[in-house]
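A short worksheet on the structure shown next.
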Amino acid sequence: MNVEMHVEIVGVLLLGLGYLALLFGCGFAVERGWVPVRITRHPIVYTLALGVYASAWAIYGSVEMAAHAGFGFLAYYLGAAGAFLLAPVLLVPIQRITRTYQLTSLADLFAFRFRSRWAGTLVTIVSLLAVLPLLGIQVQTLGEAINIITASQAGGSVALLFCAVIAAFAVIFGARHSQSHGRHDTLLSAIAFESIVKLLAMLGLGVVALWMVFDGPGDLQLWLEGPGALLQQQTPKLDPAQWRTLLLLFFAAAFMMPHLFHISFSESLSRHTLLQASWALPLFLLLMALPVPLIWWAAQSVNPDIPIAAYAAYLMTEHWWVGALAFIGGLAAASGTMIMIALALSGMVLNHIVLVARPPEARSDLYGWLLWLRRGLVVAVIISGWVFYQWVGRHHGLIGLGLAAFVGMAQCLPGMLALLYWPGANRKGMIIGLIAGVGVWLWGLWLPLMFSLPVPTLPFTPLTDTGAPVWYNVTLLSLAVNILLLIVISLFTRISEGEQSAAEACSVDAVIRSKRFPLEAATASDFSTHLAHALGDEAASREVNRALQALNLTPQERRPYALRRLRDRIQANLSGLMGPSVARDIVDRYLPYRHDDTPETDDIHFVESRLEAYRSRLTGLARELDGLRRHHRQTLAYLPVGLCVLGDDDELLMWNQALSQLSGISGESVIGSRRDSLPAPWPGLLGGVLETTSTPLYKQAVTLHGKDYFLTLHKAILSGSDSRGGSVILIEDHTEMKWLEDELVHAARLASIGQLAAGVAHEIGNPITGISSLAQNLRYDTNDPALLETADQIQQLTQRVTKIVNSLVGFAHGGRQSVPLPASPVALASISEDALHLIHLARSGEDVTLTNETPDDVVVRGDAQRLTQVMVNLLSNARDACGKGGEVHMTAGRHEQLAWWRITDNGQGIDPRVREHLFEPFTTTKPAGEGTGLGLSLAYQIINEHQGKIDVASPPPGQPRGTAITLWLPLYQQDDQPTHAQDSDC
Amino acid sequence: MYVYRIMLFLVFGGYLLSPLLMNGWSDPEAAWYRPFAIWGGLIALTLWLEQKRKLDER
């Protein structure tokens, strides 16, 4: 080794390590927050990170492909562009599933969909075998490029050094946490930076080719038409069928290769960002592809006999910096791919091979254990790439290695398409199809490559063109066998119930009917205790708290609905940590459902909440249907009658606003609860209506927030072929109606008593008249002054009794509107006196002083009996309003053509809220059963018939409290004629 | 959904017709950048469909 060469190796080392140091600097800058978040989280960063697809193949392999297949090299770019063009129907559904169920890899997705840990393990092994050649290509291009630059064989050793540095970067920035899910801003930004570097390098090489080697586009065209034409015509043309097969292989690779799946779906990116990549990534690939033919033509124009076409960029000029540019571009592409492959594969191997073989025991350092396992695997994957290069790669061209990888990965494509679009596919079909397809691939392509075996003669190859390349025959045969077995076995074997539900969850047009089962854990805090058996105390409590926080629940949560969501969330989080198979095993074992006699019912609330979450994604008819659903839901929610819906398992599904107001319990706090966990008196009340066969249940007496209510409950059973079961219960508040009914009964009873009193009074009248006649006779029959005195007294007393009896009869007959109103003169003093007599008959209010100061000369036009009735009612109210020692005054006077008649008390006054309705029927402030609420209404009606009016002042002017009611009545005039009362609507 | 149909049509139609792209390599008459121009047009179309989808989802 001479000095000059040694210096050149040092130069390459400095160049490579300098670039990798820059990459570390980029990582640290993002991590320390020196780069603004608006840049690191910009959608363009994500698109550039997806540019990891353009691996070392894009820098070197494409040039080699262009040399051997002309524009056939474009298949690598157009296949990926096609996959992203189909993002709305292909990538977005995968993103939905992976995000919902926290699936981080293709193996996770297969294990979840086909409900088989073997499916996950098998996909991991296939990925590992398929990616190994691709990983080898990255290292190989590094090593070979160094060999060319330095004209030495030191490439292998230097490449190992670079691999070590790249592995350190992957461990530091990609495997810092045990959780592989979630957005890694630092890593994405670093990969985006690498994409920019390789893009600039390729564009720079294109510029060199076009303007330094050629003299611009015109000169290139001249060369193509002149000396270059013969060379291009000698380039083999790719057969259309082979081209389409290549397109299919690269289409599958674009989203199924572990590193691309990881960036596309494991990083928590928005759907919008993914859709933006549907045009931005093809644009990036276009710019990457554009310089490829230019580089090849430029190199050809300089030297028509290039030994290894892949490294043409190093040979098109003699400028050292052009070689450096190509080397940096290649290093950026290779390092990015190696980092992402290592991170993605390490997660898959950990979750689907290591943890399946050795499930995690309850250990205090679970997270640390997982982290170190992951880091070890990251390093192992990168070093395996170097070993592959040393052992196998260096003996093969890039195209052969690359195609071996892409054909292997494409074996997962039938399973992936079935996962998305065919819910009928089952695990037996998928696994047998995959094993058969992989078997053909291993036998025909991979094993001959690895062990330099002779290429076997495949069956059915006579059906393809003679001379068709091996990769083409292997692809057709392996995919045909794979697809055929998948379809036939799926059609003729049963699909399990669990797999069916997972298939529906994954299917693009899934109709997911989530079922409700009760959990054995009664509260959220029980979860930690149960999970501690599997994860250890610390990890269990951390996972439960993380899930509780994500769902905004408390550890005291008891609602079955909330507990089921908590279980799902914990399973999804554990799936991100240790894969779906292990997560499902842990959750099924330690947080089991209770499969007792409880009927199995659909989880409608879950379906609704998911529809709400996906609302913005619905379009067309689905959106209209959702609008209709929301309308019907609102109709029920805003129904002015209380409504609740219970499932067959007694879980509360709906609790509308009216019921929330009536009960004082918000719907959010109880929906998802079981009926028996509702606050009293609801469990008994709802249970009563559910158990009874005769509905409605009328006027059930309950106490709600300290007040008495009477509720009427109606029930309907939801049944029928389309029904999901359950009962709907309507709850009407009949408290006011019940009270009015009671008052009416009371009033009717009072009226009966009044009639009875009138009858009694009438009966008393006859003997009283007899007594009076006898007293009169006694006066005629004697001259004894003592007897005469006695007879006078008897007559006075009988007159008094007669007067009282007449007042009582008159009062009892009052209020009949059909009786015409007489226009006779009525002295207010006399009415006042009569009313006082009647009031004194009542036992209550004996400690209230009633004073009558009504002057004798105030005479009004009207009906004495009815006016007595008014005055009795007003006096009765006034006396009831006064406490002990209260005073009630009656007085009257004249004002122009009217008489005023006032009752003033010093009682408690009238509540302003009642005053507006004072004269409406059934308005009372007295306790139920003591007042009818009809007295003032009747008084208003009678005064109205007398063409008078009533004024109310509470408190009266000049008094601190009490009430003054003033009646205004027309004064009696000599020429008044009798009038007839008119019925009033008041 | 209509947008998706257009995309599906484009992708599968393009898949079947795409071998025509390779013809330009050995044809001196054809501009060397023709496949890239067609590809650029396809990207512009996708961008337009993506904008349309955004409006549709509003």
Exercise. Answer yes if at least one residue in region A:242-251 is surrounded by fewer than 19 Cβ atoms within 10 Å (Cβ to Cβ) and away from chain B (no Cβ under 11 Å), and no otherwise.
Key: no
Quiz prompt | region A:600-651: number of residues that are among the aliphatic types (A, V, I, L, M), at pLDDT below 85 and over 21 Å from A:Ala505 (Cβ atoms) | solution = 1
Quiz prompt | Enumeration of residues in region A:641-699 that are aromatic (Phe, Trp, Tyr) and in contact (Cβ under 8 Å) with a residue 24 or more places away in the chain | solution = A:Tyr698
Quiz prompt | Filter result (away from chain B (no Cβ under 11 Å) and in a helix (DSSP H, G or I)) within region A:289-313 | solution = A:Ile295, A:Ala298, A:Ala299, A:Gln300, A:Ser301, A:Val302, A:Ala309, A:Ala310, A:Tyr311, A:Ala312, A:Ala313
Quiz item: So is A:Ala357 open to solvent by less than 10 Å² (accessible area, probe 1.4 Å), under 24 Å from A:Pro580 (Cα atoms) and over 34 Å from the mean Cα position of the chain (by Cα) or not?
Solution: no
Self-check item: Single match in A:Arg176, A:Arg271 (criterion: open to solvent by 30 Å² or more (accessible area, probe 1.4 Å), of a type in the set (D, E, K, R) and within 11 Å of chain B (Cβ to nearest Cβ))
Solution: A:Arg271
Practice problem: Select, from B:Leu21, B:Leu16, B:Leu49, the only residue that is within 19 Å of A:Leu85 (Cβ to Cβ), more than 7 Å from chain A (Cβ to nearest Cβ) and either surrounded by 14 or more Cβ atoms within 10 Å (Cβ to Cβ) or in contact (Cβ under 8 Å) with a residue 24 or more places away in the chain (or both). | Solution: B:Leu49
Quiz item: Would it be correct to say that A:Gly82 is within 14 Å of chain B (Cβ to nearest Cβ) and either among the hydrophobic types (A, V, I, L, M, F, W, C) or in contact (Cβ under 8 Å) with a residue 12 or more places away in the chain (or both)?
Solution: yes
Practice problem: Please tell me if A:Arg394 is modelled with pLDDT of 90 or more, on the phi < 0 side of the Ramachandran plot and open to solvent by 60 Å² or more (accessible area, probe 1.4 Å). | Solution: no
Practice problem: Please specify each residue of region A:849-885 satisfying the condition of being assigned to a loop (DSSP other than H, G, I, E, B), open to solvent by 10 Å² or more (accessible area, probe 1.4 Å) and at pLDDT 85 or above. | Solution: A:Thr854, A:Pro855, A:Asp856, A:Asp857
Quiz item: Does A:Ala550 count as open to solvent by 40 Å² or more (accessible area, probe 1.4 Å) and at pLDDT below 80?
Solution: no
Quiz item: Given the structure, is A:Ile339 in a helix (DSSP H, G or I), open to solvent by less than 10 Å² (accessible area, probe 1.4 Å) and in contact with a Gly (Cβ under 7 Å, 6 or more places away or on another chain)?
Solution: yes
Self-check item: Which listed residue is assigned to a helix (DSSP H, G or I), at pLDDT below 90 and within 11 Å of chain B (Cβ to nearest Cβ), from A:Leu220, A:Leu231
Solution: A:Leu231
Practice problem: Taking the residues in region A:822-841 that are in a helix (DSSP H, G or I) and touching a residue at least 60 places away in the same chain (Cβ under 8 Å) as candidates, determine which candidate is nearest to A:Val860 (Cα to Cα). | Solution: A:Leu828
Quiz item: Does any residue of region A:736-748 turn out to be at pLDDT 85 or above and under 30 Å from A:Asp649 (Cα atoms)?
Solution: no
Quiz prompt | Residues (open to solvent by 40 Å² or more (accessible area, probe 1.4 Å), outside any loop (DSSP other than H, G, I, E, B), under 23 Å from A:Thr703 (Cβ atoms) and in contact with a Leu (Cβ under 9 Å, 6 or more places away or on another chain)) located in region A:630-673 | solution = A:Gln657
Exercise. Taking only region A:528-547 into account, find how many residues are open to solvent by less than 70 Å² (accessible area, probe 1.4 Å) and of a type in the set (Asp, Glu).
Key: 1
Quiz item: Quick one: is A:Val208 part of a helix (DSSP H, G or I), open to solvent by less than 20 Å² (accessible area, probe 1.4 Å) and not hydroxyl-bearing (Ser, Thr, Tyr)?
Solution: yes
Exercise. Would you mind telling me which numbered condition in (1) within 12 Å of another protein chain (Cβ to nearest Cβ); (2) open to solvent by less than 10 Å² (accessible area, probe 1.4 Å); (3) over 30 Å from the mean Cα position of the chain (by Cα) A:His68 fails?
Key: (2)
Quiz item: Residues that are polar (S, T, N, Q) and crowded, with 24+ Cβ neighbours inside 10 Å: which helices (runs of 4 or more DSSP H) entirely in region A:78-162 hold 2 or more of them?
Solution: A:117-150
Self-check item: A:Arg902 without any contact (Cβ under 8 Å) to a residue 60 or more places away in the chain and either farther than 19 Å from A:Lys949 by Cβ or of a type in the set (Lys, Arg) (or both)
Solution: no
Quiz item: Within region B:31-46, how many residues turn out to be more than 7 Å from chain A (Cβ to nearest Cβ) and within 18 Å of A:Phe284 (Cα to Cα)?
Solution: 8
Quiz prompt | Test for B:Pro28: is it facing chain A (nearest Cβ under 8 Å), open to solvent by less than 60 Å² (accessible area, probe 1.4 Å), modelled with pLDDT of 80 or more and over 16 Å from A:Pro88 (Cβ atoms) | solution = no
Exercise. Consider only pairs whose beta carbons are under 9 Å apart and that are at least six residues apart or on different chains; among these, list those whose first residue lies in region A:703-718 and is β-branched (Val, Ile, Thr) and whose second residue is open to solvent by less than 50 Å² (accessible area, probe 1.4 Å) and not in a loop (DSSP other than H, G, I, E, B).
Key: A:Thr703/A:Tyr709; A:Thr712/A:Leu697; A:Thr712/A:Ile731; A:Ile717/A:Ser727; A:Ile717/A:Val728
Practice problem: Please determine, by comparing only the residues of region A:803-840 that are modelled with pLDDT under 85 and among the charged types (D, E, K, R), which one is least open to solvent (accessible area, probe 1.4 Å). | Solution: A:Asp834
Practice problem: Can you tell me which residue among A:Val45, A:Val35, A:Val30, A:Val12 is in contact (Cβ under 8 Å) with a residue 40 or more places away in the chain, outside any helix (DSSP H, G or I) and touching a helix residue (DSSP H, G or I) at 6+ places or on another chain (Cβ under 8 Å)? | Solution: A:Val35
Quiz prompt | Long-range neighbours under 6 Å by Cβ, at least six apart or interchain, first residue open to solvent by 60 Å² or more (accessible area, probe 1.4 Å) within region A:296-325, second modelled with pLDDT of 90 or more | solution = A:Leu315/A:Ala299
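The values are calculated or read from the model by the stated rules, or taken from the named source; none is laboratory data. Remember, predicted model here, so these are calculated numbers, not experimental data. With ideal geometry, Cβ positions are generated from the backbone for all residues, glycine too; neighbour counts draw on all protein chains shown. Areas reflect the complete protein model, heavy atoms only, side chains present, ligands, DNA and RNA absent. Shrake-Rupley method; radii C 1.70, N 1.55, O 1.52, S 1.80 Å.
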